[in-house]
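Asks: Have a look at this one before I ask anything.
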Amino acid sequence: MPLFLKTLFKTRGEAIGFIAFLVLVLVIFPLAMPVFRLNLVGKYLSFGFVAIGLVLLWGRCGVLSLGQGVFFGLGGYCMAMFLKLEASDPESTSIQSTPGIPDFMDWNQLTALPWFWEPFKSLPFTILAIFVVPAVVAFIIGWAMFRRKVGGVYFAIITQALALIMSLGIDGNQGYTGGRNGITDLRTLLGWDIRTEDAQYTLYFLCVVLLALTALAAKYIINTRLGRVLVAVRDQEDRVRFSGYDVAIVRTSVFAFAAVLSGIGGAMFVLQVGFMSPSIIGIVPSIEMVIFTAVGGRLSVMGAIIGCLIVNWGKTAFSEAYPDAWLYLMGGTFISVVMFFPNGIAGLAEKFPRIRSLIPASVTERIKGMATKKTTKTVSDGQ
Amino acid sequence: MGDYTAEELQSIFIMQGFSGLSLFSVLLLMGLGLALIFGQMGVINMAHGEFMALGAYTVYLCSNITEQFFPAFTPYYFVITILVAFVVCGLLGAFVEWLLIRHLYHRPLDTLLATWGLSLILQQTYRSIFGAREVSPRLPDWLMGSFTYGDVDIPINGVFVLGLSVIVTGSLVYFIYKSRFGLKLRSTVQNRSMSGAVGINTVKVDRLAFALGCGIAGIAGAAFTTIGSTGPDSGSRYIVDAFLVVVSGGAASLLGTVGSAFGIAQAQSILEFFLEGTKGKVATLLVIVVVLMIRPQGLFPSKVRSH
C-alpha cells in the first residue's frame, strides 16, 4: 500500500472494512430501500459526525462530553435559521401582521427580525457559521476548563449542564428561537426544494460523502503523531506535560474539532429531516450520542458510525413496536456494553481473529505443514 | 423590578424565599447523598434521581396501604414512611453497588454511563408499575395549610421538609465525623490500600456508603412528595441541579453542599418570580457554570491532597 493509505488504514482489514461500509451506504442502501427509509438512514448518519467527534474526544483523549448536543444544536440551528428565513419571504408570509419574518416571531408579537438573525440571510455566512460558531463556543468552554486542569467527571457534569442550559434557553425564548416546537416548516435551499425525493437522494449522498471524508480525517489524526499524543494525554497526562506538551491546548483543540463535527452533523440533520428543536439537543439526546459511540466502540471511527446506525435503527424499529421494552433494552445494552464490552462492537470485531487461537495447536500445525509442503515441497517427517 | 414598592418587594422576597427553602431541602437531601457517593467514593450516580423517585413511590404505596387497611393510622404514617423509604432505597443501593458499581471503581466515567443505563431501566419500571401519570400520596392533615405571619403565608409542609433536611444533615455529619463507620469511611477515602492494610473491610465500607447515599435519596423522595407530585421522570428533573450543587459546593465537603444548595435554590426561586418561564433557571445555571469555570474546585474545596 502507498504510505498515505498506510497512515489511514493500519491493516488491510481496516481498508476492506471501510470500502465495505462505503458499498453498503452508497450502493446497497439506496438500491434496497425506499426513499423514506433512506432518509431515515441519512438522519442516523448525521449523528455519525457527532460519534466520530466523540471517538477522538472521549475514546482517544479521555474527555467525556455529555454536551455534544449543544454543538449539534448550534450547527443545526444555524442551518435552520437560514432555511427558515428563506421560507418566510414577504409573499408567502403576507397573511402575517409583519410579513417577511418567521411565523413563530409573528405569533410572539415580534415586529422586526432580531439582529442575530440578520446575517443568516446569506448562505456563505451560514456555512461559515456552522463551522465557526461551535468551534468558538467549544474553544472558550474548553480553554476555560482544561487550563484549570478540570477534566474527567467534572467536565462531564458541566457539559451536561450546558446541554440543559441550551435546551431550556431555546425553549424559553420562543419569539427568538421558535421555542419548544423548534424551527419547522423548512422548504427550500436557494430555491431548491429539499422535500422532494430527488433532493432527499442528493442530500443523503452528500451526507454520506461528507461522513466518509470526516471518517478519513479522523483516522488520519488517530494514526499520526497527534493521535498518539491524544492517547498519551488520556493515559499519562502528567508525563505528557513533563515532556513539554501543552495538555490544555491539545484537549481544547480536540474538543473544538469534535464540536465542529457535531455542528456539521446538526446541519446535515436539519437538511434531511427538515426541522430543528430543543428536544434534539437536550440532556437525553446528548447522552444518547455517547451511547451510539459506546455501543459501536469508543476507540474506533467506523465502529462509532456502525453504532449510530444500529442503535438508531433499533430505536426506530423497537420503540414503534414495543415502546416499553425499548427503554429496558436500551438501558440493559448500555450497562452490558460498559461492563463487558467497553470497546463496543468494534472491540468485539477486533477480538474475532483470536478465535483462531481456540483451534487446537496440533490442527494449526498440520495446516501450516500442509502449506509448507505445497509451496516448498519439503517433507518434514522427522517430527 | 421597578414596578414594585419596597414593601411588596419585601414580601415577595420572603414568599419566594420560603418556596426556595422547599427546593433547598430537596436539593440538599439529593446533594448530600450524591456528595457522599461522588465526593467520598468518586462514583457518578446518574440514577440518583431515580432513587429519589423510588423513595417518593414508596411513600405513595405506604399511603395507599395505610388508607386501605389502617385508616386510623393515617395521621402518623408519614413519619414512619420516611424510614421505610430510606431502607428500601438503601437496600436497592446496596444491591446496585454489588451488581454494577463495585466492578467500575477504577473507571469513574463508566460508572456514569452504567448508572445512566440503570436510570433508564428504573424509569421504565416506574412507568410500567405506576403508570405515566404523576401520583401523589394522601398527606396527613397536619401537613396541610399554612401559618400566616403578617401578609406572608408560610406553608407547613415547607417547614416540615426543612426540619427533616436539617435532621438528616445533622445525623449525617454526626455519622461521618463521630461514628466508628464514619472513621472507616474517611480513612478509606484518604488511602484505600492503607485502610485495607490496617484491617478495614473497604469493600463493606464502599457498599454501606453507597447504600447510605441512596437511602438519603429515598428521604429526599419522601420530602419531595409533600411539595409536588411524583412521575417516572421526577427524579431526572433534579439530577443536573443536584450534581451542580455537589460540584459547586466542592465535591467532598458537606458544608459546601449545604451552602451551594441554599444559594442555588434561593437564586432559582427568586429569579423565577422576576423572569418569566424558564429564564430564571437558565440564568441560575449559567451563573453556576461560569463560576465553576473560574473556580473549578468549588466553594469549599476539601483539604485532602489528591493523589
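The values are calculated or read from the model by the stated rules, or taken from the named source; none is laboratory data. Owing to the predicted nature of the structure, the values given are computational and were not obtained by experimental measurement. Methodologically, a virtual Cβ is constructed for each residue, glycine included, from the backbone with ideal geometry; neighbour enumeration extends over all protein chains shown. Protein only, heavy atoms only, side chains kept; ligands, DNA and RNA dropped before computing areas. Shrake-Rupley method; radii C 1.70, N 1.55, O 1.52, S 1.80 Å.
Asks: Above 30 angstrom, tally the Cα pairs of segment B:24-238 and express them as a % of all pairs, no decimals. Each step should come with its number before you reach the end.
Replies: Working: 5927 of 23005 pairs.
Taking all Cα-Cα pairs of segment B:24-238, the fraction more than 30 Å apart is 26 percent.
Asks: Excluding ligands, DNA and RNA, what is the accessible area buried between chains B and A, summed over both sides, using a 1.4 Å probe, to the nearest 100 Å²? The partial results should precede the final answer.
Replies: On the way: alone 15290 and 19640 Å², together 31390 Å².
Summing both sides, the interface buries roughly 3500 Å².
Asks: Relative contact order for chain A: what percent, with Cα pairs under 8 Å and sequence separation of 6 or more? Please report the intermediate quantities before stating the final value.
Replies: Values: 554 pairs, mean separation 114.1, N = 383.
Averaging sequence separation for qualifying contacts and normalising by length gives 30 percent for chain A.
Asks: While we're looking at this one, here's another question. Could you work out, residue by residue across A:233-240, how many beta carbons of other chains sit within 10 Å of that residue's beta carbon, and then give the average as an integer? Walk me through the numbers before you get to the answer.
Replies: Working: counts 0, 0, 0, 0, 0, 0, 0, 0.
Going residue by residue through A:233-240 and averaging, the value is 0.
Asks: For chain A, count all C-alpha to C-alpha pairs, find those more than 39 Å apart, and express that count as a whole percent of the total. Write down the numbers at each step before the final one.
Replies: Details: 17806 of 73153 pairs.
Percentage above 39 Å: 24.
Asks: Given axes a ≥ b ≥ c from the Cα gyration tensor, I'd like to know whether the protein assembly as shown is rounded (a/c under 1.5), prolate (a/b larger than b/c) or oblate.
Replies: Working: a/c = 1.86, a/b = 1.23, b/c = 1.51.
Oblate is the answer for the protein assembly as shown, as a/c is 1.5 or above yet b/c matches or exceeds a/b.
Asks: Something else: Per residue of A:162-169, what is the mean number of Cβ atoms on other protein chains within 10 angstrom of that residue's Cβ?
Replies: Numbers: counts 3, 1, 8, 10, 1, 2, 6, 7.
Mean inter-chain Cβ contacts per residue within 10 Å come to 5.
Asks: Under the classification rounded if a/c is under 1.5, otherwise prolate if a/b is larger than b/c and oblate if not, where does segment A:146-287 fall, given a ≥ b ≥ c as square roots of the Cα gyration tensor eigenvalues? Please list the in-between numbers first.
Replies: Numbers: a/c = 3.68, a/b = 1.54, b/c = 2.39.
Taking the square roots of the gyration eigenvalues as a ≥ b ≥ c, segment A:146-287 is oblate.
Asks: OK, next. For segment A:64-103, what is one quarter of the convex hull surface built on the Cα atoms, given in nm²?
Replies: If I average the Cα hull's projected area over directions, I get 3.0 nm².
Asks: When the dipole is taken about the Cα centre of segment A:36-342, and only Lys, Arg (+1) and Asp, Glu (-1) are charged at their Cβ, what size is it in debye, to the nearest 20?
Replies: Values: 20 positive and 18 negative charges, 285 e Å.
I would put it at about 1360 debye.
Asks: Explain nothing, just the number: dipole magnitude of segment B:24-238 about its Cα centre with +1 on each Lys and Arg Cβ and -1 on each Asp and Glu Cβ, in debye rounded to the nearest 20. Don't skip to the end; give the middle numbers.
Replies: Numbers: 13 positive and 10 negative charges, 185 e Å.
Using only the charged Cβ atoms, the result is roughly 880 debye.
Asks: Considering only protein heavy atoms, with the full assembly of protein chains and a 1.4 angstrom probe, order A:E118, B:E97, A:E288, A:E91 by accessible area, largest first.
Replies: A:E91, A:E118, A:E288, B:E97
Asks: If you only keep lysine pairs separated by 8 or more in sequence, or across chains, how many in segment A:36-342 come under 23 Å at the Cα atoms? Let's see the in-between values first.
Replies: On the way: A:K43/A:K84; A:K43/A:K219; A:K43/A:K315; A:K84/A:K121.
Step by step, the pairs that qualify in segment A:36-342 add up to 4.
Asks: Using a probe of 1.4 angstrom, how much of the accessible area of segment A:36-342 is carbon and sulfur, in percent? Spell out each step's value before the answer.
Replies: Numbers: 7470 of 11600 Å².
Ligands and nucleic acids excluded, carbon and sulfur give 64 percent.
Asks: Any idea how many Lys pairs in chain B come in under 25 angstrom at the alpha carbon, given 8 or more places apart or on separate chains?
Replies: Working: B:K178/B:K204; B:K178/B:K303; B:K184/B:K204; B:K184/B:K303.
So the count works out to 4.
Asks: May I pose another question? Scale the Cα Rg of segment A:275-321 by the rule-of-thumb value 2.2 N^0.38 Å and send over the ratio, two decimals.
Replies: Normalised Rg, Cα atoms only: 1.21.
Asks: Can you give the angle from 0 to 90° between the axis of helix A:152-172 and the longest principal axis of chain A, with both taken from C-alpha atoms, to the nearest 10?
Replies: Approximately 30 degrees, to the nearest 10.
Asks: Heavy-atom accessible area of A:R228 with all protein chains present, probe 1.4 Å, nearest 10 Å²?
Replies: 150 Å²
Asks: With every protein chain present, what is the per residue accessible area of the protein assembly as shown (1.4 Å probe, Å²)?
Replies: It amounts to 45 Å² per residue over the protein assembly as shown.
Asks: What does the structure give for A:333-343 when I average, per residue, the other chain Cβ atoms found within 10 Å of the residue Cβ?
Replies: 5
Asks: May I ask for the angle, rounded to the nearest 10°, between helix A:197-223 and the longest principal axis of chain A, with both axes built from Cα atoms and the value confined to 0 to 90°?
Replies: For A:197-223 against chain A, the angle is about 50 degrees.
Asks: Just B:V43, B:V282, B:V26 to compare: in a GNM of chain B, with alpha carbon springs under 10 Å, which one fluctuates most?
Replies: It is B:V282.
Asks: Next question, about the same structure. For A:W313, what accessible surface area do you get with a 1.4 Å probe? Give it in Å², rounded to 10.
Replies: 150 Å²
Asks: For every helix of n ≥ 4 consecutive DSSP H residues, a contribution of -39,500 (n - 2.57) applies; sum these over chain A, divide by its total residues, and give [θ] at 222 nm rounded to the nearest 500 deg cm²/dmol.
Replies: Value at 222 nm, helices only: -22500 deg cm²/dmol.
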